[in-house]
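Following: one structure in structure tokens, then a few remarks.
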Amino acid sequence: MLPSQALLPAVVFALTALQALASDTFIAAVYEHAVILPDPSEEPVSPDDALGLMNKNMDVLEGAIKEAAQKGAHIIVTPEDGIYGWRFTRESIYPYLEDIPDPVENWIPCTDPSRFGPAPVQERLSCMARNNSIYVVANIGDKKPCNSSDPKCPRDGRYQYNTDVVFDPQGKLVARYHKYNLFAESQFNYPKEPEVVTFETPFGKFGVFTCFDILFYEPAVVVVSKMQVDTVLFPTAWMNLLPLLTAIEFHSAWAMGMRINVLAANTHNTSMEMTGSGIYAPAGARTYSYNMKTEDGHLLIAELDAHPRLSPASPPAVSWNSYALSVETFSQNDHEFTGIIFEDPFTFTELTKPGGNLTVCQKDLCCHLSYKMAEKRDDEVYVLGAFDDLHVVEGQYYLQV
């Protein structure tokens, strides 16, 4: 124990050291992974077989993590479903799940792997982070037992969650996020409440959520607007199909609109239209990749401002509400029509001119577009569409698209 007269210099030294570690910029990495998938089956495999498949995927991810660290990256994001894929029923995914504790437990799986029971996946991810001195973000499955005292407890006596984990450069578990907005994922449960997960680093405040979450107020907008994060970590398995829009354009626009950094790591599977990863800043994409021609994974690395809202490179804030109120109102025209996407009845209006302003409305949602076409073939039709209603395909929830 330090004597009292030595405490003040020690505190000053510690604060100085922390300030020295803080940085105005950092190097970010994302890896688009061509996931090795299990054979489709409704029957559970053995735990050894499940771990064998996951280790094959983690072998690939470990190579990407080592390369990113050697190139100076401070953090790397890997995709949703990147360790075991998505061909599962509720029963068949169970051997792939681990009990993931709350980060308040101050746990380093790499040095204490059996503290919360068998956790070989968390142990290996923790060691990847620790051995390479880098933050590692990965998507795995969490299992939590429950019983009849919980009226929402599933019949099999457990909750199963699509889960993001973050390990710091010491290998400590610093964040755990349970995906709230599931997309046709009957193998997983919805958390009882949406989670808002953030953590501090020497290069800014980070938030984390998963794929379909980005379309909803909770948690996506809450994490950014109320928690004031600098960077969003975004594991995803994004299909480049309507109404989800293409990954690059949507995620880049989201970063620009929210005035934050977004590290989006997508799964790579061309048969399912899954590709498109990037590192995005408020001023635009720093780097991105979209590849429908090969089945290769791809590592992306770029430098970002640690506090993008304060950066002189970031565009000034825009009052979208004021802008929307200032836009000229357009009446219905002959080119407006309805169409179905994912069983949702959209209202569309056609872009018939080479450039101009266009508005389409459905209920309380109006979307305005200022555009200019570089070229348009005779066999192409471009439209602006809006949907403002209850979406019922994967469940029932309100959507504005």
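Using a Gaussian network model on the chain with a 10 Å cutoff between Cα atoms, which of His268, His178, His391 fluctuates the most?
Between His268, His178, His391, it is His391 that shows the largest mean-square fluctuation.
For the chain, with all protein chains present and a 1.4 Å probe, just round the carbon and sulfur fraction of the accessible area to a whole percent.
Working: 10700 of 19780 Å².
Of all accessible area on the chain, carbon and sulfur atoms account for 54 percent.
Mind pulling the per residue volume of the convex hull built on the Cα atoms of the stretch 152-252? Å³ is fine. Walk me through the numbers before you get to the answer.
On the way: hull volume 12.5 nm³, N = 101.
So the per-residue hull volume is 124 Å³.
With 15 Å as the cut-off, how large is the P(r) tail for the stretch 336-400, expressed as percent of Cα-Cα pairs? It would help to have the intermediate numbers written out before the result.
Working: 1158 of 2080 pairs.
Cα-Cα pairs in the stretch 336-400 separated by more than 15 Å: 56 percent.
How large is the accessible surface per residue of the stretch 198-312, computed with a 1.4 Å probe and reported in Å² as a whole number? The partial results should precede the final answer.
On the way: 4160 Å² over 115 residues.
So the stretch 198-312 comes to 36 Å² accessible per residue, rounded to a whole number.
Let me know the charge dipole size of the chain about its Cα centre in debye, to the nearest 20, where only the beta-carbon of Lys, Arg (+1) and Asp, Glu (-1) is charged. List each step's numbers first, then the result.
Details: 28 positive and 51 negative charges, 237 e Å.
That gives the chain a dipole magnitude of about 1140 debye.
Out of all DSSP beta bridges in the stretch 25-305, what portion is antiparallel? Express it as a percent rounded to 5.
Numbers: 37 of 55 bridges.
In the stretch 25-305, DSSP labels about 65 percent of beta bridges as antiparallel.
Run the simple label-point estimate for Ala374 and Thr270 please: 7 Å along Cα→C-beta, distance reported in nm.
According to this spin-label approximation, the distance is 2.2 nm.
Rounded to the nearest 500 deg cm²/dmol, what is the calculated helix-only ellipticity per residue at 222 nm for the chain, with -39500 (n - 2.57) per DSSP H run of length n ≥ 4? Show your work: numbers first, answer last.
Details: 6 runs with 78 residues, N = 401.
That comes out to -6000 deg cm²/dmol.
Relative to 2.2 N^0.38 Å, what does the C-alpha radius of gyration of the stretch 25-305 come to as a ratio? Two decimals please.
Values: Rg = 17.4 Å, N = 281, 2.2 N^0.38 = 18.7 Å.
Compactness ratio reported: 0.93.
Compute the helix-to-body angle for 120-132: its Cα long axis versus the longest principal axis of the chain, expressed 0 to 90° and rounded to tens.
Roughly 90 degrees between the two axes.
Which angle from 0 to 90°, rounded to the nearest 10, does the C-alpha axis of helix 4-21 make with the longest principal axis of the chain?
So the helix axis and the longest Cα principal axis differ by about 40 degrees.
For the chain, just give the cysteines left without a disulfide-compatible partner, judged by no other Cys Cβ under 4.7 Å.
Result for the chain is Cys211, Cys367, no neighbouring Cys Cβ within the cutoff.
How big, in percent, is the set of alpha carbon pairs in the stretch 56-98 lying more than 16 Å apart?
Values: 437 of 903 pairs.
Cα-Cα pairs of the stretch 56-98 separated by over 16 Å account for 48 percent.
Could you tell me the ratio Rg/Rh of the stretch 242-327? Both radii from Cα atoms, Rh via Kirkwood. Could the numbers behind the result be given before it?
Details: Rg = 15.0 Å, Rh = 14.2 Å.
Over the Cα atoms of the stretch 242-327, Rg/Rh equals 1.05.
Could you work out which residue, out of Leu369, Leu125, Leu299, moves most in a Gaussian network model of the chain, that is, has the largest mean-square fluctuation with Cα springs under 10 Å?
Looking only at Leu369, Leu125, Leu299, the biggest GNM fluctuation is shown by Leu369.
Give me, ordered by chain and number, the residues 5 or more places off Val383 or on other chains with an amide H under 5 Å from its own placed amide H.
Hits under the 5 Å cutoff: Leu351.
Please work out the FRET efficiency for the pair Tyr398 and Met292, using the Cβ-Cβ distance as r and a Förster radius of 30 Å; give the result to the nearest 0.05.
Values: r = 32 Å, r/R0 = 1.08.
Calculated value: 0.40.
When only Cα pairs under 8 Å and 6 or more residues apart are kept, what is the percent relative contact order across the chain? Let's see the in-between values first.
Numbers: 855 pairs, mean separation 57.2, N = 401.
Once normalised by length, the contact order is 14 percent.
For the stretch 81-136, count all C-alpha to C-alpha pairs, find those more than 17 Å apart, and express that count as a whole percent of the total. Intermediate results must be reported in sequence, preceding the final value.
Numbers: 702 of 1540 pairs.
In whole percent, the long-distance tail amounts to 46.
Which far-off residues, 5 or more places away or on another chain, put their amide H under 5 Å from the one on Ile341, with H placed in the peptide plane?
Here Phe346 satisfy the definition.
Check which residues have an amide H placed less than 5 Å from Val208's amide H, if you skip close sequence neighbours.
When sequence neighbours closer than 5 places are left aside, the close amide H contacts are Val197, Leu233.
Quick one: among Glu350, Glu303, Glu273, which has the greatest mean-square fluctuation in a GNM of the chain with alpha-carbon springs under 10 angstrom?
Answer for the Gaussian network model of the chain: Glu350.
Given 0.36 nm per residue, what is the gain on full extension from Ser186 to Leu241 after removing their alpha carbon distance, in nm? List each step's numbers first, then the result.
Details: separation 55, 0.36 × 55 = 19.80 nm, distance 2.06 nm.
Result: 17.7 nm gained on full extension.
Once the piece of chain linking Tyr217 and Lys144 is laid out straight, how much longer is it, given 0.36 nm per residue of separation minus the C-alpha distance between them?
Numbers: separation 73, 0.36 × 73 = 26.28 nm, distance 2.61 nm.
Answer, rounded to one decimal: 23.7 nm.
So for the chain, taking the charge dipole from beta-carbon charges (+1 Lys/Arg, -1 Asp/Glu), which of Leu369, Phe387, Val121 sits furthest toward the positive end?
Highest projection toward the positive end goes to Val121.
The values are calculated or read from the model by the stated rules, or taken from the named source; none is laboratory data. None of these values were measured; they are calculated from a predicted model. Using ideal geometry, Cβ is built from the backbone for each residue, glycine included, and neighbour counts are taken over all protein chains shown. For the accessible areas, the whole protein counts, side chains as well, though only heavy atoms, and no ligand, DNA or RNA atoms are used. Shrake-Rupley method; radii C 1.70, N 1.55, O 1.52, S 1.80 Å.
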